[in-house]
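Written out below as structure tokens is the structure these notes cover.
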Amino acid sequence: MEYFQPIEKPLVLLGCAYLSWKMIRHIWGVLKTFEKEPVTVLVTGAAGQIGYALVPMIARGAMLGGDQPVIIHMLDVASESLNAVKMELIDSAFPLLRGVVATTDVSEACQGVNIAIMAGGIPRREGMERKDVMSKNVSIYKSQASALQQHAAPDCKVLVVANPANTNALILREFAPAISEKNITCLTRLDHNRALAQISEKLDIHVSEVKNVIIWGNHSSTQYPDASHATVKIERGEKRVAELFADDDKWLQTEFITTVQQRGAEIIKVRKQSSALSAASAVCDHIRDWVLGTPKGTWVSMGVYSDGSYGIPPGLMYSFPVTCKNGEWSIVEGLKIDAFSREKMDASARELIEEKVLANSCLY
Ligand SMILES: NC(=O)C1=CN([C@@H]2O[C@H](COP(=O)(O)OP(=O)(O)OC[C@H]3O[C@@H](n4cnc5c(N)ncnc54)[C@H](O)[C@@H]3O)[C@@H](O)[C@H]2O)C=CC1
Ligand SMILES: O=C([O-])CC(=O)C(=O)O
């Protein structure tokens, strides 16, 4: 038996669709009220240049996503400037910002932090190498390591930015043995982004179409920016970057490498201060990929504790190509290394061994 006249059927269907739509909107509204727990992010050197560029990025969701509330802890020895940064953060009325702590006390700063961005220290000036700021900065990392170990969340993820970044991270690891070595990294993402940008400029394509460059080694002028596995997006698939250069064009083996290696020094020369905006942005990229995962088929460069992969001595903090999933990084294994790359990768490893010895001589 028919319940409805043919004329009534479309009206009933329309009514049902309307009610379902209302119900979905209601459920969506309820779900939206269950917001995520805030993540506590520490920034050391927060009154400095990188800190000043970085904290608003974090508070806007550029690091952990637009639906992730954050509490920002800021540590610096320059208490007045630090308080001014706090005032500005409050004045910005960031919807995701759930709290701000500005302190000169390292224990208070580290309390309960889930992510620690370590940018406190002195930057190099024109004419200096990054290891020239070694003695001052490694002692900071020695003393802050134990505060992190004692007061941060047990699974806190640490990113060391201050130079010499790889060796500071190694010192932090040595003096915070309770923090898993998988949770201590250093920043080479700025170099990685610089390498992508150089290729995109050279080939006159958008930077998002280039991927899988690698920064091997130290965040110093011995780093090896390697484009031999990099690809660009083409209409149907991908093409190796190397195939886009004529056989006799040695740009990828010469100018590309030196430009990326020297980009930090070039910025200092022109700006009279080291890179801050691009460094802060690279920090967000590093943590976002580590926490939320790298896109399928894409790797990024991170300074991590060497497990001996690619013949790099274990126990160095060395930049490798990594992919990230479920909050963990893994080194991309099995890439072919030719003699040209081998020599450059080993030279950077040798420099890191020397820096380790130098750092220890500053500390003991
Ligand atoms: N890994 C990378 O890609 C990059 C690393 N860097 C390095 O990052 C570091 C920070 O650079 P900027 O922000 O430009 O320098 P900056 O001098 O503007 O800021 C550093 C801040 O650290 C603070 N500070 C000094 N000692 C401290 C301590 N014991 N505890 C807490 N804070 C302390 C200073 O008061 C200052 O506010 C430098 O070492 C620089 O060389 C810079 C750019 C890129
Ligand atoms: O070069 C410096 O000293 C600052 C830095 O690390 C960079 O810009 O890569």
At 0.36 nm per residue, minus the direct Cα-Cα distance, what do Glu126 and Arg98 gain on full extension? Give it in nm, one decimal, please.
6.2 nm
Roughly speaking, what % of Cα-Cα pairs in region 5-158 are separated by over 23 Å, rounded to a whole number?
50
With Cα atoms, 0 to 90° folded angle of helix 255-271 axis to the chain main axis:
90
Which percent of the accessible area of the chain is formed by carbon and sulfur heavy atoms (probe 1.4 angstrom)?
56
Could you derive backbone 3J(HN,Hα) for region 228-239 from the dihedral phi with the Karplus parameters 6.51, -1.76 and 1.60 (θ = phi - 60°), listing whole Hz in sequence and x where the residue is Gly or Pro?
6, 10, 6, 10, 10, 6, 10, 3, 10, x, 9, 10
What does the charge count around Ile115 come to, taking other residues whose C-beta lies under 11 Å from its C-beta (Lys +1, Arg +1, Asp -1, Glu -1)?
+1
What's the center-to-center distance, using Cα atoms, between region 63-132 and region 135-190 in Å?
15
Per residue, how many Å² of accessible area does region 39-186 show with a 1.4 Å probe?
39
Angle between the chain longest axis and helix 165-175 axis [Cα atoms, degrees, rounded to 10]:
90
Taking amide H atoms as placed 1.01 Å from N in the peptide plane, list the residues 5 or more away in sequence, or in a different chain, whose amide H sits under 5 Å from that of Ser319.
Gly217, Asn218, Val304
Estimated distance in nm for a label pair at Ser107 and Gln262, the labels positioned 7 Å out from Cα along Cα-to-Cβ:
4.9
Exposed-loop-free span, longest in the chain, where trypsin sites (Lys or Arg not before Pro) count as exposed if DSSP calls them loop and at most 10 other C-beta atoms lie within 10 Å
1-235
One computes Rg over Rh for region 69-150 from alpha-carbon atoms, with the Kirkwood Rh, and obtains 1.02
Quick one: if you stick a label point 7 Å off each Cα along the C-beta vector at Leu13 and Glu238, how many nm between them?
4.6
Residues with beta-carbon under 15 Å from that of Met63, excluding Met63: net charge, scoring Lys, Arg +1 and Asp, Glu -1?
+3
Would you mind telling me which residue in Gly120, Gly308, Gly327 has the biggest mean-square fluctuation in a Gaussian network model of the chain, where springs connect alpha carbons within a distance under 10 angstrom?
Gly308
Evaluate the Debye formula for region 134-196 with equal point scatterers sitting on the alpha carbons, no solvent, and hand back log10 of I(q)/I(0) at q = 0.13, 0.14, 0.15, 0.24 Å⁻¹, in q order, two decimals.
-0.34, -0.39, -0.44, -0.94
Counting only pairs 8 or more places apart or on different chains, how many lysine pairs in region 245-364 have C-alpha atoms closer than 26 Å?
8
Region 117-160 - Debye-derived log10 I(q)/I(0), Cα point model, q = 0.23, 0.25, 0.26, 0.34 Å⁻¹
-0.82, -0.91, -0.95, -1.26
Per residue, in Å², the accessible surface of region 189-363 once ligands and nucleic acids are set aside, probe 1.4 Å:
47
Over region 189-363 - Rg/Rh using Cα atoms and the Kirkwood inverse-distance radius:
0.96
In degrees, nearest 10, the alpha-carbon axis of helix 134-151 is tilted away from the dominant principal axis of the alpha carbons of the chain by 40
If DNA, RNA and ligands are ignored and the probe is 1.4 Å, what is the ranking of Phe34, Phe340 by accessible area, most exposed first?
Phe34, Phe340
If you keep only loop residues by DSSP, which GluC sites (Glu not before Pro) in region 304-364 have at most 14 other Cβ atoms within 10 Å of their Cβ?
Glu333
Beta bridge orientation in the chain: antiparallel %, DSSP, nearest 5
50
Given the C-alpha atoms of the chain, compute the convex hull and give its volume per residue in Å³.
202
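The values are calculated or read from the model by the stated rules, or taken from the named source; none is laboratory data. For clarity, every value in this text was computed on a predicted model and none was experimentally measured. Heads up, the Cβs are rebuilt from the backbone with ideal geometry, glycines too, and the neighbour counts pull from every protein chain shown. Surface areas here come from the heavy atoms of the whole protein model, side chains and all, with no ligands, DNA or RNA. Shrake-Rupley method; radii C 1.70, N 1.55, O 1.52, S 1.80 Å.
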